[in-house]
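Just so it is clear, none of the values below were taken in a lab; they were calculated from the coordinates. This one's a predicted model, so the numbers in the text were calculated from it and none came from an experiment. We place every Cβ from the backbone using ideal geometry, glycine too, and count neighbours over all the protein chains shown.
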Amino acid sequence: MTPLFVIAAGIVAIAIGSLLLRSYGPRVRVGRLLAVTPTVTIAAARGLASTGARRYVRVDGRLDADDVFPDEHDRPLVFRRRRVEARLRGGWRVIDEQRESVVFQLREGSDEIGVDADAIDEGLVTLVRESAGTAAEVAGQLTSRLAPDTSIRLRIEQLSSVEHAVVLGMPLADAEGRCRMTRGTGRPLVVCTLEQEEAMRVLADGARARPVAAAVSLAGGLALLVAGIGWALVAGAAG
């Protein structure tokens, strides 16, 4: 075994770990943002918006709205997204999406800041209600023609005015001085109603083996890379 072999093994392990993480698409980025984005108060976020500062920050509070709409259990909703997804080419693809929302805010004591519901995309992290089947079972409800044995799932995500939430985004003020959190600085708007551990599980789509394998591959690859470079430096100095 030579230092070059150890370095090459480290590079391969890092590449495998990176590919495993990339298989989650933008959800990996959302998880990283939830872990590292600096937290400010709603008052501070409003101050950033009023000065025009372009900063990506985290604010915490309770969702609130003047008008809400009920779900089937009479929970007061401010946002609901219904997605029909099909398993195509080894991954889930959205083939139909419907949204309902009202103007809503994040409130902290007497302070509040709006949330740009139109900007919510991959950054929505909340409990998901899911049902699964095949295209043949729901053929009359699909807007796309699919093979009868194609796996189909219906996923419903919603936000209630009684929930506590974490919102990541860029505070922005409109012409009337109203402030809201929206996407910005090249990063998505994130709205999360879950604790950190549960949020990461949802972002991993319920899978544990793949993210653990990715972490082990990255850590092991980095260790091999450092060891191989160290070995090569020592061998070079001795020679």
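By the gyration tensor of its Cα atoms, with a ≥ b ≥ c the square roots of the eigenvalues, what is the shape of segment 56-98: rounded for a/c under 1.5, prolate for a/b over b/c, or oblate?
Here segment 56-98 falls in the oblate category.
Using a Gaussian network model of the chain whose springs link C-alpha atoms within less than 10 Å, name the residue from SER50, SER101, SER131 with the highest mean-square fluctuation.
Residue with maximal mean-square fluctuation among SER50, SER101, SER131: SER131.
Taking amide hydrogens as modeled 1.01 Å from N in the peptide plane, which residues meet the under 5 Å criterion relative to THR134, leaving out close sequence neighbours?
Under 5 Å from the amide H of THR134: ILE152.
For a quick check, take a GNM of the chain with Cα springs below 10 Å and name the residue from THR143, THR126, THR185 with the largest mean-square fluctuation.
Looking only at THR143, THR126, THR185, the largest GNM fluctuation is found for THR143.
Please find, in a Gaussian network model of the chain (springs between Cα atoms separated by less than 10 Å), the residue of LEU189, LEU142, LEU127 whose mean-square fluctuation is greatest.
The residue that fluctuates most here is LEU142.
What 222 nm value per residue comes from the helices of the chain, counting each DSSP H run with n ≥ 4 as -39,500 (n - 2.57) and dividing by all residues, nearest 500 deg cm²/dmol?
-11000 deg cm²/dmol
When only alpha-carbon atoms are used, what values of Rg and Dmax, in angstrom, describe the chain?
Both quantities, over Cα of the chain: 22.6, 77 Å.
Quick one: Karplus J couplings for segment 118-124, per residue in order, coefficients 6.51, -1.76, 1.60, θ = phi - 60°, nearest Hz, x for Gly and Pro?
5, 8, 6, 9, 6, x, 7
Run the quick spin-label model on ARG87 and ARG62: label points 7 Å from Cα toward the beta carbon, then report their separation in nm to one decimal.
Distance between label points: 4.2 nm.
State, as an integer percentage, the relative contact order of the chain based on alpha-carbon contacts under 8 Å between residues 6 or more apart.
31 percent
So which DSSP H runs in the chain come out at 24 Å plus along the axis (Cα) with average Kyte-Doolittle of at least 0.0?
Correct list, ordered by number: 3-22, 209-238.
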